[in-house]
Amino acid sequence: MQKKLSRRDFLTLATGATAGSVLAACASEPQVIEKVVTKEVEKEVIKTVEVEVEKEVVKEVEVEVEKEVEKVVTATSVPQEAVTVRFIATAPEQYYNMDALSESDPLVDVEFEDIGDQAFGEVLLTSVAGGDPPEIAWAGGGNAIWRWAQMGAIVDITPLMEEAPHPELDQIDPNSIGQYNSPDFFPTGQVMMAPGQYGWPVYATLYHFIFNKRILDQAGVDYPQQGWSWDDFRSTLQQVNDPGNQTWGFVMPSGNDMVNLAHNMLWTNGGSVYDAAGKSALASPESIETFQFLQDLVLQDGSVMLSGATEGADFLGGNLGFQYWGNWIIGWYDFALEDPYGIVPAPVNKEEVIYGGIDGFVFLRGAANPWAGWRVATWLSSYEGQKVLNDENEVEVVSVNKLAAAEAYDNPNFSVPEEARDWMPAAVFTSARFNPWIPVGPGFNYLTAFDGLWLGDPVEDTLTQIASDMDMLNESMATFG
């Protein structure tokens, strides 16, 4: 089977403005799936008190009065005949064998539309504004979904979860569920959206260091193993680095992936993006130490190449000992890379942490069959649904379901290097952390906020400014409640 290259990055989706003015009007409406008004009888107890002052006697009389009250509840109607659930996404290879769901549940007929990477958010918003949206849309657990929620395009699925609980809920990683939950996703005191569950996770993308075994062999360097240290990392890069022969130890990732690397290394140093009070911790001693280490690799050692968004081509060209990327790239490298490669978690200074990105579904307001959309989401994150993805999707899937992750690499389609099979499936449950909330506003682009460090800007001053910008933006944003 020829393996396919996944989309470069579906963790940040374009939001577009086409439907903004239309959706803004619904943003304040209750986020419920269906309203059903029922009449209920409520008993009210009326107490009358008689007091006789001279004898200090108190007498209480209770009278029950029945009255009708209106109560608004949420409901999800399970259909009695087959319904179509429509969903939109950016890559067709994510949805192999949806017939398996229809076979297990004759009430659900899946209809998929691949709309590509371009203007995904605009298509999503326009479909809602037009009054005929699909039930679900593929979305990473990141900042885009909060903009969609604020615009009224996606709904809180808590009523669906209560009406039809996930049968394997105790097997789903709670941190991945939190990526779609308000207030769990936000730092303390910075809740931007009404409380609720605005999407559902299906699988994780784990980030790791990919290394070229041939280059390490030529330098006489042992392959890194899980638990290697920052010192091991630095020494290995120095030993394989040979710019005169167009070979570098490592390439600094670009865009989102550079930010992912920064967070991953910070976490392995015991640091955090936010402190316990919800303020930016990027100027903490742990953060300063982390970014100073990265800057020294670039400026002192000269063992890190600044790619300008060509890191994949540089690695494929045999010019790099290491690069940092997500597991989705492995299927492509199996197909395109002649030189053998290996993968290893980020080097550790204080604790092992693996950076993960979560992918799953959001549920669109006004869809015809929300129950069917929830059925698809729960099936895909179930053991049976994950088994289909594992068998058909080649190396894309790191399941958020413990039952499925335990068997993730027992089939011949997976070509994860043998030495990584012990840690990779279980990492999402043992040492993975996911996207933190990062504000972006006028004059502050977090993706490029660190770029000056690799050119020599002072680490402490730069991080202090970035932390100040983050706090200022967070404080300026509307906080729910």
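All of the numbers you see were taken from the coordinates with simple rules; none came from a lab. Treat the numbers as computed from the prediction; the structure is a model and nothing was measured. Every residue, glycine as well, gets a Cβ built from its backbone with ideal geometry; the counts of neighbours run over all protein chains shown.
Observations, loosely collected:
- Label point distance in nm, residue 232-residue 217, each placed 7 Å from Cα along Cα→Cβ: 2.1
- Computed on the Cα trace of the range 186-264, the radius of gyration divided by the Kirkwood hydrodynamic radius gives Rg/Rh = 1.16.
- Semi-axes of the equivalent ellipsoid of the range 108-248 are 43, 20, 16 Å, computed as sqrt(5λ) over the eigenvalues of the C-alpha gyration tensor in descending order.
- Label zone (residue 245, point 7 Å along Cα-to-C-beta; backbone nitrogen cut-off 15 Å) within the range 197-223: 212-221.
- Listed from fewest to most Cβ neighbours within 10 Å, the set 332, 374, 200, 228 follows the order 332, 228, 374, 200.
- Between residue 461 and residue 81, the modelled label-to-label distance comes to 7.3 nm, taking each label 7 Å out from Cα in the direction of the beta carbon.
- Ranked by how many other beta carbons lie within 10 Å on average, peptides 292-303, 347-358 from highest: 347-358, 292-303
- Highest to lowest packing among 424-437, 309-322, scored as the average C-beta count within 10 Å: 424-437, 309-322
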